[in-house]
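Let me begin by presenting the structure, written as structure tokens, before commenting on it.
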Amino acid sequence: MGFKIGFIAPYPELVDLAREVCRELGEEMDVRHGDLSVGTAIAREMESQGIEVIISRGGTALAIQEAVGIPVIPIQVTGFDIVRALHTARQFSDSIGVIGFKNVIYGTESVQEILDVSLKLIYIEHEQDAEAQIEAAVRGGLKVIVGDAISTRVTEMHGAKGILIMSGKEAIAKAIEEAKHVAWVQARERQKAEELKAIVDFAHEGIVAIDRDGVITVFNPVAERLLGISANEALGRHLSELSPKLDLDKVRLSGKSELEIIQRVGENVIMTNRIPIIVRDDIVGVVVTFQDVTRIQKVEQEVRRELYLKGHVAKHKFNDLISAEDNMLEVITRAQRFAATEATVLITGETGTGKELFAHSIHNASSRRGGPFVAVNCAALPESILESELFGYEEGAFTGSRKGGKPGLFELAHGGTVFLDEIGDMSMPLQARLLRVLEQRLVLRLGGDKMIPVDIRVIAATHKDLKKSVRDGTFRQDLYYRLNVLKLEIRPLRERKADIPKLADHFIGSFCKDLGLPRKKLSPQAVKVLMDLPWPGNVRELRNMCERLVVSIEEEKIDAEHVMKLMEHDNGEEQYLASEDTISVPIRGGLQKIEEEIMRQVLEKVSGDRTKAAELLGISRSTLWRRLGSKDVS
């Protein structure tokens, strides 16, 4: 059978018949005899033993239904059962009463002519009405009454003959099939209920449901945690009693959803969605889901990191910063203290001094080290492109914009750090937009109308004197104060020459390892030559020199001659050793004009090689291109 079904028979003969039907159908059932109170006690015992459905008959079935919480299938009285009972009753009298519920005995009088008897139908609406009806019928002259087990006993008590309507095999078989079907449906419903409970209990959102009367029917563990109320305390009560701010009466009465409502409940800020449950145009309840806003932000941060932030990683740490100079060691110590804060950091120093390494190290030593590190060179891109990169854009914001829009670097850095290199070269309009981001921590995409909150730390760097830029009107004073909260000034390499031997040895060892070459060493004379150079490109220039030495020199010991020979063969190295009379500079026309003239003359001396010119000047190729445009740049 597959299901646990119990059979409680009100009279002994039904026990034997039920067992016989089970044998014939190949079914297994727990069949016992028990009428009324005895049968009810047996039913409770069966329920405690795991019986899923009980089959019984007549008044006993009704009594059991009120006593247990599992389905009870009553054996229905069939026309065959009544005819058999009337045939027996005819032996005692030609005038017979038939008592029972109307839906059971209705139409029985149609067999009067067939059996040649006179029938009086006694309809009852409630089981307790039977005795009065039987007593009245016996007083009225009826000698025989046909009915169920209770009716039969009452009839005998009043001196008349009671004939029991006994169930036949077909009625028992039908009851067994119905019981099996009910057990199957119940199992399916139980499975669905368990699946739903698992979904509700393990959902990341709080879930509360109420019925049409506003009574709580569902209250999951997340709701318990966020609202501070146990499910046992909540179920069966009105939600308005427990948490008035989550009152769902408005939705229950209007049938209109309320979505993405931000509200504070206790110590938690949550986002709620309230949705009516509508069945065939009838509002039968409301379900509310709510999430901790803090958790939503964390999930959003993880999604951003997974989908967009590949490559936005800080690679360097403070251990990578090499120095033997007391002043530089003091700067590193100060930077380590800055890393423990959330304040904006401004790093100043010439191009190539290692400002970006400091930015990487501060991020990796901060509480944001698990978040993204997004670096952007403000001097490397035209203003319009830099703006779209920083702030992002919505679909259709401009010709050629990506379908669906694009998040900006501020958005992508959510939960992490933004490094704005060459901040002094940012245009005034962009400076104004950046100031709003620093003040409000809100970003507005190009073409958008929605402010997007971002959780970022800003580290800025520049080779310019921003105070002078403020005086010249090329940099906003309010932005300068916003950036200049914590300041690091990195001295150029020519002012910390004690670092050159240590840095050169580190670079040479690193390149040898990467190229799979034997470890090369600098002779003291070679070190002296390096220390005598002016290093306009600072640490970056020294690094490039060490790489060329490793690749060009076969010997494991690098001497001064090797360094000098490499310098002599380097294109335009006369300019590299830069004497004052190699170029002429006008002293009229302002600083910008003088800078442009220097760049132009250097380009001429290196035959228009922009890479070499930028290296000699200690600036990036993009800065050179931006300063001079396409003129004089081959």
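Just a few scattered comments:
- Remark: relative contact order (the chain) = 8 percent; criterion is Cα-Cα distance under 8 angstrom and separation of 6 or more residues.
- Using C-alpha pairs below 8 Å separated by at least 6 residues, the relative contact order for region 5-127 is 19 percent.
- Cα gyration tensor category, rounded, prolate or oblate, for region 494-569 with a/c compared to 1.5: prolate
- Förster-model FRET efficiency, 35 Å R0, Leu25 and Ala203, C-beta, rounded to 0.05: 0.20
- Across region 492-498, coupling constants 3J(HN,Hα) worked out from phi with the 6.51/-1.76/1.60 Karplus curve, θ = phi - 60°, read x, 5, 5, 9, 9, 5, 5 Hz, and Gly and Pro carry x.
- With Cα atoms as the point set, the chain shows a radius of gyration and Dmax of 46.4, 146 Å.
- A dipole drawn for the chain from +1 and -1 charges on Cβ atoms has a positive end, and of Ala193, Pro71, Val53 the residue lying farthest that way is Ala193.
- If the segment from Asn273 to Glu156 were pulled out straight at 0.36 nm per residue, it would be longer than the present Cα-Cα gap by 35.5 nm.
- Pair Lys143, Glu554: separation of 7 Å Cα→Cβ label points (nm): 14.0
- Of Lys317/Lys450; Lys143/Lys174; Lys513/Lys565; Lys355/Lys557; Lys250/Lys406; Lys355/Lys467, pairs whose Cα-Cα distance is over 27 Å: Lys317/Lys450; Lys143/Lys174; Lys355/Lys557; Lys250/Lys406
- FRET efficiency for the Asp249 to Phe80 pair, using the beta carbon distance and R₀ = 60 Å, is estimated at 0.60.
- Note on the chain: dipole from Cβ charges, positive end direction compared against Val454, Trp625, Ala137; the farthest Cα belongs to Trp625.
- Distance-filtered residues of region 311-331 - backbone nitrogen under 20 Å, label point 7 angstrom along Asp514 Cα→Cβ: 311-323
- When only alpha carbons are used to place a centre, region 484-547 and region 6-29 end up 99 Å from one another.
- Between Ala136 and Glu224, the contour length at 0.36 nm per residue exceeds the alpha carbon distance by 25.5 nm.
- Residues whose amide H falls under 5 Å from that of Ile55, counting only those 5 or more places apart or on a different chain, are Gly6, Phe7, Ile8, Ile73, with hydrogens built in the peptide plane.
- The residue list Thr417, Ile508, Gly147 was ranked by how far each Cα lies along the charge dipole of the chain toward its positive end, using unit charges on Cβ atoms, and Ile508 comes out on top.
- Under a model in which nothing but the beta-carbon of Lys, Arg (+1) and Asp, Glu (-1) is charged, the chain shows a dipole of about 2040 debye around its Cα centre.
- Legend: ranking of residues Ser622, Ser367, Ser56 from fewest to most surrounding C-beta atoms inside 10 Å; resulting order Ser367, Ser622, Ser56.
- Fewest-first sequence of Glu561, Glu597 by Cβ atoms within 10 Å of each Cβ: Glu561, Glu597
- Near Gly416, the amide H atoms lying under 5 Å from its own belong to Arg457; only residues 5 or more places off or on other chains count, and H is placed 1.01 Å from N.
- Charged side chains reduced to their Cβ positions (Lys and Arg at +1, Asp and Glu at -1) give region 321-417 a dipole of some 340 debye around its Cα centre.
- Put simply, the amide H of Ile347, placed in the peptide plane, has neighbours under 5 Å in Ala460, Ala461, Thr462, Leu488, leaving out anything fewer than 5 places away on its chain.
- If only the Cβ of Lys and Arg carry +1 and only the Cβ of Asp and Glu carry -1, the dipole of region 463-544 around its Cα centre is close to 100 debye.
- Potential lengthening of the chain between Glu389 and Ser427 amounts to 12.2 nm, from the contour at 0.36 nm per residue minus the alpha-carbon distance.
- Calculated FRET efficiency, Leu36 to Glu195, Cβ-Cβ distance, R0 = 56 Å: about 0.90 to the nearest 0.05.
- Value of relative contact order over region 462-542, rounded to a whole percent, pairs C-alpha under 8 Å and six or more apart: 25
Each reported figure results from applying straightforward, stated rules to the coordinates on display, with no laboratory input. What you see is a predicted model, and the numbers here were worked out from it, not measured in a lab. FYI the Cβ positions are ideal-geometry reconstructions off the backbone, even for glycines, and counts take in every protein chain you see.
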